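The values are calculated or read from the model by the stated rules, or taken from the named source; none is laboratory data. All values derive from a computational prediction rather than experimental measurement. A quick note on method: Cβ atoms are made from the backbone with ideal geometry, for glycine too, and the neighbour counts reach across all protein chains shown.
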Amino acid sequence: MMKKSIYGLTFEQLSAWLLERGIKRFHAAQVWDQLYRKRVASFTEMSGVKEECVKLLSERFSFQTMQQHVKQESEDGTVKFLFKLQDGNLIETVLMKHKYGLSVCVTTQVGCNIGCSFCASGLLKKSRDLSSGEIVEQIMNVQLHLDERNKDERVSHIVVMGIGEPFDNFENMIDFINVVIDPKGLAIGSRRITVSTSGLAKKIREFADTGLNVNLALSLHAPNNELRTRIMKINKAIPLEPLMEAVDYYITTTNRRITIEYILLRDVNDHQKEAEELADLFQDKKQKVYVNLIPYNPVDEHGQYQRSKQASVLAFYDTLKKRGINCKIRQEHGTDIDAACGQLRSKQIKKEKAQ
Ligand code: SAH
Ligand code: SF4
């Protein structure tokens with residue numbers, strides 16, 4: 001039997017699991033401290049934890065359910081990891097350096113079924129969801145990489161923007177968040193975590209109802225149904241009307257701002273017309289949205305799309321600003337190392353198939 005990752009349990013789940021086996025809650029607190037504060041790398045390294053408790057855990061759980069397969073470091077400090085899972089699947093995790101701290105971009109699924117026409121991740125259909133443990137383990141592996149450098153650096157921010165649609169793996173994604181925000185452990189503040197979705201409207205509502213103060217980003221990429229359906233086929237099943245209703249629900253329920261992601265594709269969605277339409281769409285909630293204009297990372301297989309010209313990017317930005325919409329042009333990371341989401345993985349798979 002393949003052992004599950006020890007990192008998959010929230011503190012409550014760990015306590016309950018141990019209690020069922022007659023071990024009191026304070027032992028769970030000791031285990032948790034070893035996992036996330038001392039950051040031991042194996043059960044044998046655990047100290048100060050009841051022997052029976054370590055034995056029980058080690059029979060059922062594992063510290064390492066993935067191996068580092070490739071690591072690429074960029075000149076700007078971006079590090080891209082490719083991990084091999086127990087079943088041989090490859091996933092991507094990225095560490096990025098910002099002025100405000102270190103953020104990690106995690107993967108939530110092996111492949112993606114949403115199949116957006118511009119994205120490298122959707123090139124390979126989803127073969128399975130990641131467990132909560134496999135998502136937390138990505139953070140732990142990156143933190144371990146930082147610990148090895150001895151610079152006392154901590155992962156301070158998380159973006160759930162790697163391969164996969166996080167709202168299509170909802171429960172595991174929520175467990176993951178509950179593990180990493182736990183103040184007794186990694187204690188990454190919920191406001192420093194952003195989950196990005198392609199627009200599963202029902203799940204946006206469910207996410208609002210969780211009461212977790214985590215940021216939400218919506219991959220919109222087009223301001224009308226005709227264009228959005230053309231570039232994101234999910235828009236056919238969930239068009240802008242129910243999506244905008246879910247956005248309203250999110251804003252009123254959480255009173256939080258929502259980030260709107262908009263990739264600029266040359267001569268596709270980067271005209272003045274679309275900038276005006278986008279501004280119209282959010283006129284009634286200007287204070288509650290923040291538009292991120294994203295330079296497109298070209299993907300070999302999607303040759304029909306190119307990055308917008310700098311002049312169009314600036315004109316788009318100016319129009320939104322003039323209309324009172326908060327926006328910024330996203331800074332790029334690791335362009336020299338296959339930065340586009342899912343790109344390293346799809347290239348590596350092609351390379352290994354060819355060998
Ligand atoms: N599935 C989720 C989260 C993962 S994708 C979602 O779609 O929101 C994270 C972000 O990267 C999305 O906004 C997505 O549209 C964007 N993205 C995908 N491929 C890209 C590319 N080649 N260049 C720039 N951004 C890309
Ligand atoms: Fe999936 Fe997001 Fe890529 Fe669309 S953009 S295919 S939802 S990972």
*Considering only the range 45-87, state which residues are without any contact (Cβ under 8 Å) to a residue 24 or more places away in the chain and buried (at least 16 other Cβ atoms within 10 Å of the Cβ).*
Met46, Val49, Val54, Ser58
*Set Ile251, Ile238: member being within 16 Å of ligand 2 (Cβ to nearest atom) and farther than 19 Å from Ser103 by Cβ*: Ile238
*Scan the range 221-230 and give yes if some residue there is acidic (Asp, Glu), touching a residue at least 12 places away in the same chain (Cβ under 8 Å) and outside the structural domain of Arg39 (by the TED database), otherwise no.*
no
*Test result for Gly88, within 28 Å of Asp152 (Cβ to Cβ) and under 28 Å from the mean Cα position of the chain (by Cα)*: no
*Scan the range 272-282 and give yes if some residue there is assigned by the TED database to the domain that holds Leu314, crowded, with 18+ Cβ neighbours inside 10 Å and within 25 Å of Ile163 (Cα to Cα), otherwise no.*
no
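Residue by residue, here is whether (1) away from ligand 1 (no atom under 13 Å from the Cβ); (2) of a type in the set (Ser, Thr, Tyr); (3) part of a helix (DSSP H, G or I); (4) within 17 Å of Gly185 (Cβ to Cβ) holds:
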| site | (1), (2), (3), (4) |
| --- | --- |
| Ile114 | no, no, no, no |
| Lys126 | no, no, no, no |
| Ile139 | yes, no, yes, yes |
| Leu144 | yes, no, yes, yes |
| Asn150 | yes, no, no, no |
| Glu153 | yes, no, no, no |
| Ser156 | yes, yes, no, yes |
*asked:* Yes or no: the range 49-59 includes at least one residue that is under 19 Å from Met2 (Cα atoms) and in a loop (DSSP other than H, G, I, E, B).
replied: no
*Residue list for the range 148-163, restricted to those being farther than 16 Å from Lys99 by Cα and touching a Gly at 6+ places or on another chain (Cβ under 7 Å)*: Ile163
_Subset tally (residues that are part of a loop (DSSP other than H, G, I, E, B) and either in contact with a Pro (Cβ under 8 Å, 6 or more places away or on another chain) or not charged (D, E, K, R) (or both)) for the range 158-170_ = 4
*Quick one: count up the residues across the range 90-124 that are aliphatic (A, V, I, L, M) and either surrounded by 24 or more Cβ atoms within 10 Å (Cβ to Cβ) or within 23 Å of Arg149 (Cβ to Cβ) (or both).*
8
*Is it the case that some residue within the range 137-150 is in contact with a strand residue (DSSP E or B) (Cβ under 6 Å, 6 or more places away or on another chain) and within 16 Å of ligand 2 (Cβ to nearest atom)?*
yes
*Answer yes if at least one residue in the range 56-66 is among the acidic types (Asp, Glu) and under 26 Å from the mean Cα position of the chain (by Cα), and no otherwise.*
no
*asked:* When the residues of the range 65-88 are narrowed to those that are in a loop (DSSP other than H, G, I, E, B) and within 26 Å of Gly303 (Cα to Cα), which ends up farthest from ligand 2 (Cβ to nearest atom)?
replied: Ser74
*How many residues are free of Cβ contacts under 8 Å to residues at least 40 places away in the same chain and among the aliphatic types (A, V, I, L, M) when one looks only at the range 142-159?*
0
